[in-house]
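S.K.: Mind looking over this structure? Questions follow.
The values are calculated or read from the model by the stated rules, or taken from the named source; none is laboratory data. In this text, all values refer to a predicted model and were calculated from it rather than measured experimentally. Neighbour counts are summed over all protein chains in view; Cβ atoms, including those assigned to glycine, are modelled from backbone coordinates with ideal geometry. Each accessible area value is taken on the protein alone, full model and side chains, heavy atoms only, with ligands, DNA and RNA left out. Shrake-Rupley method; radii C 1.70, N 1.55, O 1.52, S 1.80 Å.
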Amino acid sequence: MIAIIDYGVGNLFSLQSSLHFIGADVIVTRDVAKIQQADKILLPGVGAFGDAMGKLQNSGLADVVKTETQNGKPLLGICLGMQLLFSESHEFGVHKGLDLISGRVVSLKSAFDKQQIELKVPQIGWNKLVLKQDSPLLKYVAQGDFVYYVHSYYASQCDKSVAAFSDYGVKIPGLVQKGNVFGTQFHPEKSGEVGLNILRAFTEVKG
């Protein structure tokens, strides 16, 4: 069973529907016991980093997520949920993350301003994946497959953990991993067959 963490942030319905479509046993919950009983954890998220991290901590679920993953349970963070996996974020101040993957989340607009890149922020739409290293989540993905992004911040200083990236003026870490911890900056539930295949691969990851 896969537990989708419900901490008041994220579009849980489309993610749950996508997992049901591929035949996964999934539950949306904030119940600690059910999360502990699950085989895998999904951490979705939309909105601002500080607000999301605060809700995760105030609900008591931040420690549960960290403990379960440190005990070897596979975890997949999606969009803002991926960003929460990192050490810190610089979105509207500096905020500590779950620190499951080393790196920090920074502003796409600031990066563009420094390099005089004229692209729209946020990045909204399809972009192709450049596969960088082997990952269990990429077993059904081909070089150049397209996925769907919506974001204004991106992960940096995490090169060793990047399994796939997309070029949007700068290299955007699209899929990161460290051991049993995975994250996608893009939305697999909005990325058609490619996204479904990534979710399918996650369901097959061994804990």
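S.K.: Tell me, rounded to the nearest percent, the portion of alpha carbon pairs in the chain spaced more than 28 Å apart. Let's see the in-between values first.
M.R.: Details: 4025 of 21321 pairs.
The proportion of pairs with Cα distances above 28 Å equals 19 percent.
S.K.: Continuing with this model, one more query. Which entries in Lys128/Lys190; Lys132/Lys206; Lys178/Lys206; Lys114/Lys178; Lys114/Lys190; Lys40/Lys109 show an alpha-carbon gap greater than 25 Å? Before the final figure, lay out each step's value.
M.R.: Working: Lys128/Lys190 14 Å; Lys132/Lys206 22 Å; Lys178/Lys206 14 Å; Lys114/Lys178 30 Å; Lys114/Lys190 31 Å; Lys40/Lys109 34 Å.
Over 25 Å Cα-Cα: Lys114/Lys178; Lys114/Lys190; Lys40/Lys109.
S.K.: Might you tell me the accessible area per residue for the chain, computed with a 1.4 Å probe and given in Å²? It would help to have the intermediate numbers written out before the result.
M.R.: Working: 9210 Å² over 207 residues.
Accessible area per residue: 45 Å².
S.K.: How high is the FRET efficiency from Asp134 to Val46, r the C-beta distance, R0 30 Å, rounded to 0.05? Before the final figure, lay out each step's value.
M.R.: Details: r = 29 Å, r/R0 = 0.98.
Given R0 = 30 Å and the Cβ-Cβ separation, E is 0.55.
S.K.: Would you kindly calculate the translational diffusion coefficient of segment 48-117, applying Stokes-Einstein with the Kirkwood radius from alpha carbon pairs, for 25 °C and a viscosity of 0.890 mPa s, and quote it in µm² s⁻¹ without decimals? Before the final figure, lay out the partial values.
M.R.: On the way: Rh = 12.8 Å.
Reported coefficient: 191 µm²/s.
S.K.: Sticking with this structure for a sec: How large are Rg and Dmax for segment 10-69 when only the alpha carbon atoms are used, in Å?
M.R.: 12.2, 34
S.K.: Give me P(r) over segment 137-207, computed from all C-alpha to C-alpha distances, binned every 5 Å, as integer percentages.
M.R.: Distribution as computed: 3, 16, 30, 26, 18, 6, 1, 0 percent.
S.K.: Further question: Can you compute 3J(HN,Hα) from phi for each residue in segment 153-170, using the Karplus curve 6.51 cos²θ - 1.76 cosθ + 1.60 with θ = phi - 60°, rounded to whole Hz and x for Gly and Pro?
M.R.: With the stated coefficients, segment 153-170 comes to 10, 8, 7, 9, 6, 9, 3, 5, 9, 7, 8, 7, 9, 10, 8, 9, x, 10 Hz.
S.K.: Right, here's the next one. Beyond 22 Å, what share of the Cα-Cα pairs of segment 88-166 is found? Please give it as a whole percent.
M.R.: Details: 1027 of 3081 pairs.
Value for segment 88-166: 33 percent of Cα pairs lie more than 22 Å apart.
S.K.: Ignoring GluC sites (Glu not before Pro) that are buried or in helix or strand per DSSP, and keeping those with at most 16 other beta carbon atoms within 10 Å, what is the longest stretch of the chain between them? Walk me through the intermediate numbers first.
M.R.: Numbers: sites that count: Glu118, Glu204.
Here the longest run is 1-117.
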